[in-house]
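The values are calculated or read from the model by the stated rules, or taken from the named source; none is laboratory data. Not measured: the values here are computed from a predicted model. With ideal geometry, Cβ positions are generated from the backbone for all residues, glycine too; neighbour counts draw on all protein chains shown. When the accessible area is computed, the model is the full protein with side chains, heavy atoms only, and any ligands, DNA or RNA have been set aside. Shrake-Rupley method; radii C 1.70, N 1.55, O 1.52, S 1.80 Å.
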Amino acid sequence: MAQRQRKEQGEQTRHAIIDVTTRLFATRGYAGTSLDLIAKEAKTSKSSIFWHFENKEDLLFTVVDRAMSAWESRAGAELLAQPDPPRQLAKLVDLYRELARERPDTLRLLLGLLLETADANPEVKRRFQRMYQGYRTSIQIILEEGQATGHFNCALPPAHLSAITLAMFDGLFIQGFLDGAAVPDEAVASVKQAIFRLVMPNKPVPEPIALPPAAQA
């Protein structure tokens, strides 16, 4: 019983540290958030932080991974439910739009930490590189499968188009954060149309299959 209680208390402390760190990174930035401050705000000790995390970088990536993991799991399930590459691509565009609309705090945290920390630490930069490589690869796989099955006639190499697609959504989010009126929903819809003109010229944009709410959870 005592061992289980200690384990539960340890998990509660770990979650409290992650919650506090997420809030502090979002408001004060990585450099402006010390481990002493995290310990104070989480009502724990600095030694407790090192019990759960190797160092501040480990804590940084735990925060980033948690911020994106729920969206990534949902995105994977919804993409697998689509019957063909065109609907997968359409759904992926919709998912990026929903992320920016429903979880702007997550994207602000991610992009803020990336810009602040990547140049200062090679390991941090490599971790962010691997994360973005994963997102580009997801798009590229859909494009290449669409080419192989005859659905897509790509005007650009899939590797280039996947990078461009991801860049457009990062750019739209930043512009929308600075001036929301400058990036209405119609602008995002235009991006979707532009992507499909490159892969399926003169054909309508397909409508993805919607999963029931229970399957999205």
Checklist entry - So, how do all the Cα-to-Cα distances of the stretch 31-82 break down into 5 Å bins, in percent, from 0 on up? => result 4, 17, 20, 18, 11, 9, 8, 7, 4, 1
Checklist outcome for this item: The value for the stretch 65-129 (convex hull of the alpha-carbon atoms, volume per residue, Å³) is 92
Item to check | Loop-located GluC sites (Glu not before Pro) in the stretch 9-90 whose Cβ has at most 16 other Cβ within 10 Å (DSSP) | outcome: Glu54
Checklist entry - Carbon and sulfur: what percent of the chain's accessible surface (1.4 Å probe)? => result 54
Checklist entry - Where the Cα atoms of the stretch 63-217 are projected onto their three principal axes, how long is each span, largest first, in whole Å? => result 44, 33, 32
Checklist outcome for this item: Expressed as a whole-number percentage, the relative contact order of the chain with C-alpha contacts under 8 angstrom and at least six residues apart is 22
Next on the checklist: What is the distance in Å between the Cα centroid of the stretch 4-63 and that of the stretch 116-132?
Outcome noted: 20
Checklist entry - Pairing the Cα long axis of helix 104-117 with the longest principal axis of the chain, what angle in degrees results, from 0 to 90 and rounded to the nearest 10? => result 70
Checklist entry - Give or take rounding to whole Å, what are the principal axis extents of the alpha carbon atoms in the stretch 1-42, in descending order? => result 40, 16, 11
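When the Kirkwood hydrodynamic radius is evaluated over all pairs of different C-alpha atoms of the stretch 127-217, what value in angstrom, to one decimal, is obtained?
Numbers: mean 1/r = 0.0674 Å⁻¹.
Hydrodynamic radius (Kirkwood, Cα only) of the stretch 127-217 equals 14.8 Å.
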Checklist outcome for this item: Surpassing 25 Å at the alpha-carbon level, of the pairs Lys7/Lys46; Lys56/Lys91; Lys91/Lys203; Lys7/Lys40; Lys91/Lys125; Lys7/Lys43, are Lys56/Lys91; Lys91/Lys125
Next on the checklist: Treating only the Cα positions of the stretch 1-137 as identical point scatterers, give the base-10 log of I(q)/I(0) from the Debye formula at each q in 0.10, 0.21 Å⁻¹.
Outcome noted: -0.42, -1.24
